[in-house]
Amino acid sequence: MLNRRVVLGSLASTAALGPMILSSRARAAEFNIKFGHDLTPDHPMNVRALEAAKRISERSSGRVELGVFPSNQLGGQTDMISQVRSGATEFVAMSGVILGGFVPVAAISGVGFAFADYRQVWGAMDGALGKHIKSAIEKAGLVAFDHVWDNGFRQTTTGTKPIATPADFAGFKVRVPVAKLWTSLFEALGASPASINFNEVYGALQTKIVDGMENALATLFTSRIYEVQKYCSLTNHMWDGFWMTGNRTAWQRLPAPLQDIVRDELTKAIMDERADTERLNDSLRQELEKKGMSFNTTSYPAFREALTKAGFYSKWKTAFGNEAWDILEKSAGRLS
């Protein structure tokens, strides 16, 4: 079991050196795989990916080496998916909402206030909705794993005031990732969203380019957002997961037994990371309060009602199509 102290502290320096360590061994490998993502070195996803890299090397007798590159070392998420499509990078862990810029239906898991809890999330993503999205990713010429990494339910932070009701979003300048669904969600709530890549967020908050941001608690902690934000409102406005997406040509170069090793070990890492992230998100409120953040809860039904009145759900039902929307509602309940 990976405890919070290990995830957030003692492995940080080792995780940060991961690409350097793996690259020195990778020169002798028969198959070298670059895996990029935008989370910090001490985030559970990076820690578990490094563990998987070690197991892959051992099980393949050094034939396969996985280099893990956190913190946008290979570029922002939109850059990395372009690299994967061209073959410059083999794998990226990418938010379904951002992947939606290339595979539109991948964004459906991020519909605002769709999922109430993890039971609904995993019922959908490990079930019919996940299969539907994976099929679309593969039709777009990419490889996708059966299961997704967990980035948790996303909360709203501000430097000026807590967000308690939908009305509190009026005129609020909020950083969102570069994706239409995020922009649409906050516009429907009356906010003024600004699309900024994650590696630029801390500075944007520090210089007051934006009033606040939204992300999962684990990311808020590991990225030290508490240094530039005072309030954290538990809006749970979106669940966010990262698809393990790869270049098909590179994947097909691997002999089937090596594909099995990579798939098995990364799937184990994904499942371990899910448990880590859920535990962290359950405990990090206290940690963030110690760092000076103030927390408040919100009314989930009030935000759903506001989005319905704004036409948010009907708009995205049309965008995603009836088939995908019906699959979503089987897990999330009626949205439109």
>> Suppose R0 equals 22 Å. What FRET efficiency, 1/(1 + (r/R0)^6) with r the Cβ-Cβ distance, do Glu138 and Thr267 give to the nearest 0.05?
In response: 0.85
> Net charge near Phe312, counting Lys/Arg +1 and Asp/Glu -1 over other residues with Cβ under 13 Å of its Cβ?
Replying inline: +3
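Report the convex hull volume per residue for the range 180-247, counting only C-alpha atoms, in Å³. Before the final figure, lay out each step's value.
On the way: hull volume 8.1 nm³, N = 68.
It comes to 119 Å³ per residue, whole-number rounded.
Got a number for carbon plus sulfur as a percent of the chain's accessible area, 1.4 Å probe? Let's see the in-between values first.
Numbers: 6750 of 13430 Å².
Roughly 50 percent, rounded to a whole number.
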>> Can you report the principal axis dimensions of the range 229-314 using only the alpha carbons, biggest first, rounded to whole angstrom?
In response: 51, 41, 20
>> For the chain, place one equal point scatterer on every Cα, skip the solvent, and apply the Debye formula. What is log10 of I(q)/I(0) at q = 0.07, 0.15 Å⁻¹?
In response: -0.27, -1.28
> Rounded to the nearest 500, what is the chain's calculated 222 nm mean residue ellipticity when only DSSP H runs of at least 4 contribute -39500 (n - 2.57) each, over all residues?
Replying inline: -14000 deg cm²/dmol
> Quick one: Cα centre-to-centre distance for the range 58-122 and the range 276-312, in angstrom?
Replying inline: 24 Å
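Is the shape of the range 276-336 rounded, prolate or oblate, going by the alpha carbon gyration tensor and its root eigenvalues a ≥ b ≥ c, with a/c under 1.5 for rounded and a/b larger than b/c for prolate? Don't skip to the end; give the middle numbers.
Numbers: a/c = 3.56, a/b = 2.03, b/c = 1.75.
Note, shape of the range 276-336 comes out prolate.
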> Using a Gaussian network for the chain with springs between C-alpha atoms less than 10 Å apart, which of these wobbles most: Gly203, Gly152, Gly212?
Replying inline: Gly203
>> Under the 0.36 nm per residue contour assumption, what length would be gained going from the current alpha-carbon distance of Arg119 and Lys230 to full extension?
In response: 36.9 nm
> Mind checking which lysines have their C-alpha under 23 Å from Lys291, skipping anything on the same chain fewer than 8 residues away?
Replying inline: Lys161, Lys208, Lys230
> Over all Cα pairs of the range 192-336, how is the pair count split among 10 Å bins, expressed in % and running from 0 up to the last occupied bin?
Replying inline: 9, 25, 30, 27, 9, 0
> Taking a label point 7 Å from the Cα of Lys309 along the Cα→Cβ vector, which residues of the range 206-235 have an amide N closer than 20 Å to it?
Replying inline: 235
>> I'd like the orientation of helix 256-290 relative to the chain: the angle between its Cα long axis and the longest Cα principal axis, in ° from 0 to 90, rounded to 10.
In response: 40 degrees
>> What are the extents of the Cα atoms of the range 109-181 along their three principal axes, in Å, largest first?
In response: 43, 27, 17
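If you average 1/r over all unlike Cα pairs in the range 117-238 and invert the result, what Kirkwood radius do you get in angstrom?
In the range 117-238 this quantity evaluates to 15.7 Å.
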> If ligands, DNA and RNA are left out, what is the accessible area of Lys291 with a 1.4 Å probe, given in Å² to the nearest 10?
Replying inline: 100 Å²
>> Taking a virtual spin label 7 Å from the Cα of Asn199 along the C-beta vector, which residues in the range 58-78 bring their backbone nitrogen under 17 Å of it?
In response: 68-78
> Rolling a 1.4 angstrom probe over the protein heavy atoms, how many square angstrom per residue are accessible across the chain?
Replying inline: 40 Å²
> Under 22 Å Cα-Cα from Lys180, which lysines qualify once same-chain neighbours fewer than 8 residues away are excluded?
Replying inline: Lys134, Lys139, Lys309, Lys315, Lys317
>> Quick query: amide H of Ser294 versus all other amide H atoms, modeled in the peptide plane; which residues come in under 5 Å with a sequence gap of 5 or more or a different chain?
In response: Tyr231, Cys232
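The values are calculated or read from the model by the stated rules, or taken from the named source; none is laboratory data. Quick caveat, the model's predicted, so the values are computed rather than measured. In this analysis, Cβ positions are derived from the backbone assuming ideal geometry, glycine residues included, and neighbour counts consider all displayed protein chains. The accessibility values were calculated without ligands, DNA or RNA, using every heavy atom of the protein model including side chains. Shrake-Rupley method; radii C 1.70, N 1.55, O 1.52, S 1.80 Å.
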